[in-house]
Amino acid sequence: MKNIYAAFILCLLASSVVCSQTFWTGPPTSFSKANFANPNLEENQDRITPNMWITRGNNQSIFNIAQEPSYQGVAFSPTDTEWAFGSIADGVQNLTFNHFVLTLSSNVGDNVLNGPMVLHIISEDIYIDITFTSWSSNGTGGGFSYTRSTDSSLSVDDFDNKNAIKVFPNPSHSSIQVTGFIAPEKYKLFDITGTKLQEGKLPPDKNISIENLQSGLYFIRFEEGQVIPFIKN
């Protein structure tokens with residue numbers, strides 16, 4: 001909890017800086033990391049803010065890879081965060097915050113799916129609703145997934161446009177075509193282990209050849225962050 005007191009003192013001392021709470025109550029988004037996926041790869045990190053990138057190794061708990069190289073223990077990771085069971089709607093002043101693992105009474109695998117939580121990014125004073133939907137326990141690969149709220153300053157139109165991106169046909173044998181709103185045209189293509197197989201810019205016809213891929217599940221990630229799964233048959 002020392003980080004909380006430090007942030008409070010900085011707010012008092014820095015008279016030129018306005019410290020205020022920010023509540024992310026925008027439309028929900030989802031993130032998942034597959035078992036044994038490489039946490040050092042961008043597609044396996046939920047880059048919530050420039051200083052907060054949540055991921056997980058093949059075992060142990062989650063950590064903030066933007067500020068720490070790996071999981072650093074129950075009293076540290078994810079650094080710059082505190083957590084509580086509940087929701088923003090409950091009033092954050094009524095919630096009990098602590099380090100992630102300690103909030104879960106050190107039994108992460110047993111308790112992490114027990115209900116909604118609030119993530120507090122301490123240095124930025126941002127509160128985010130978050131609900132874990134899966135968690136791989138007992139050293140089975142470090143997979144996990146959750147849904148979380150987004151920055152409420154993102155307009156509904158922007159959010160809808162962002163999520164309007166699709167690929168078809170899906171499944172496909174030879175090529176996929178990208179449809180919908182595409183502002184950044186750069187993409188990266190990954191296999192199910194998180195290995196990057198190709199990257200580039202969308203051609204004018206927005207068709208991407210997948211003839212050289214083996215049959216299986218793949219993911220295409222666009223520059224603005226959306227990840228879309230597709231199947232090569």
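Please treat every number below as a calculation from the coordinates, not as lab data. It should be emphasised that the depicted structure is a prediction, and the values quoted were computed from it without experimental measurement. Virtual Cβ from ideal backbone geometry, glycine too; neighbours counted across all protein chains shown.
Distance from the C-alpha centroid of region 33-88 to that of region 197-224: 27 Å, rounded to the whole angstrom. Residues Leu119, Leu217, Leu202, arranged from fewest to most other Cβ atoms within 10 angstrom of their Cβ, appear as Leu217, Leu202, Leu119. Per-peptide packing, taken as the mean over residues of other Cβ atoms within 10 Å, places 142-152, 87-97 in the sequence 142-152, 87-97 from highest down.
Panel order for Ile176, Ile208, by other beta carbons found within 10 Å of each beta carbon, from fewest to most: Ile208, Ile176. Exposure proxy shown here: for Asp129, Asp205, the number of other Cβ atoms within 10 Å sets the order, fewest to most, as Asp205, Asp129. When only Cα pairs below 8 angstrom with a gap of at least 6 residues are kept, region 10-114 shows a relative contact order of 14 percent.
Close amide-amide hydrogen proximity is noted between Asn58 and no other residue 5 or more places distant or on a separate chain, at a cut-off under 5 Å (H modeled in the peptide plane; Pro and chain starts excluded).
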